[in-house]
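Everything below concerns the one structure shown next.
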Amino acid sequence: TEIGAYIWVLGIIALLVYSLVSILILKRQLKSAQLIEQNIFEAKNLKTPFLLGLIRPKIYLPVGLNSTERSYILLHEQTHIQRKDHIIKILAFLVLSIHWFNPLVWIAFILMSTDMELSCDERVLNEMDEGIKKPYANSLLSLATGRHILNGSPLAFGEGNVRGRIKNVLNFKKPTVWIIVVSIALVAVLSVGLAANRATNGTGDYD
């Protein structure tokens, strides 16, 4: 038990140190990034747009994007910020660091990160004309190839799972009103059902 406890603590320290070092290396590589406006930067040695930071998250873009590409990439990254994904992901990574020995927690973290990206992609398609599906998919593909400086940091929002994202973009259809209404009603019913406690009698037994 004692040996297992030491291994568990060492695993936590290793993940936290790895994350910290990867962020420091990434920030060092981004020293030459130029401020464009507010929290938006451009970097010549960057191919993949991503979000980095906690209190004041910054959006890093590759140089040379056209106005259309920039508009939906910025909407994607700003959606992460609006939904506090950068904070949620850090909290989730802390949970992962504590439960690093549990493969189910790793799967949950990966699926959560994937869902965040897919959801932000769908927000872009929902806000803009569906005619951008093919150009958007092409941008994802082109940005996934070429020079990258992301070094596997678990806390930076890069462009991951490109194949799945492209497939999701091309198959995307705006949800109709009735689907939204039914979904909200279903979630409400399930929430009430899960929150309710079974009644008990005076002896403490369930009725």
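The values are calculated or read from the model by the stated rules, or taken from the named source; none is laboratory data. Not measured: the values here are computed from a predicted model. Neighbour counts run over all protein chains shown; Cβ positions are idealised from the backbone, glycine included. Areas reflect the complete protein model, heavy atoms only, side chains present, ligands, DNA and RNA absent. Shrake-Rupley method; radii C 1.70, N 1.55, O 1.52, S 1.80 Å.
Summary table below
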read-out: Protection-proxy order for peptides 11-17, 73-79, each taking the mean of Cβ atoms within 10 Å per residue, highest first; value: 73-79, 11-17
read-out: Region 1-59 - percent relative contact order, Cα under 8 Å, separation 6 or more; value: 19 percent
read-out: From phi via Karplus (6.51, -1.76, 1.60), per-residue ³J(HN,Hα) for region 115-123 in Hz, x at Gly/Pro; value: 4, 4, 5, 5, 5, 5, 4, 5, 5
read-out: Values of log10 I(q)/I(0), in the order q = 0.15, 0.16, 0.19 Å⁻¹, for region 1-154 under a Debye, Cα-only, solvent-free model; value: -0.88, -0.98, -1.28
read-out: Phi to ³J(HN,Hα) by Karplus 6.51 cos²θ - 1.76 cosθ + 1.60 over region 88-94, Hz, x for Gly, Pro; value: 4, 5, 5, 4, 5, 5, 5
read-out: Residues of region 88-145: accessible area per residue with a 1.4 Å probe, Å²; value: 54 Å²
read-out: Protection-proxy order for peptides 24-34, 132-142, 185-195, each taking the mean of Cβ atoms within 10 Å per residue, highest first; value: 132-142, 24-34, 185-195
read-out: Carbon/sulfur fraction of accessible area - region 33-114, other protein chains in place, 1.4 Å, %; value: 64 percent
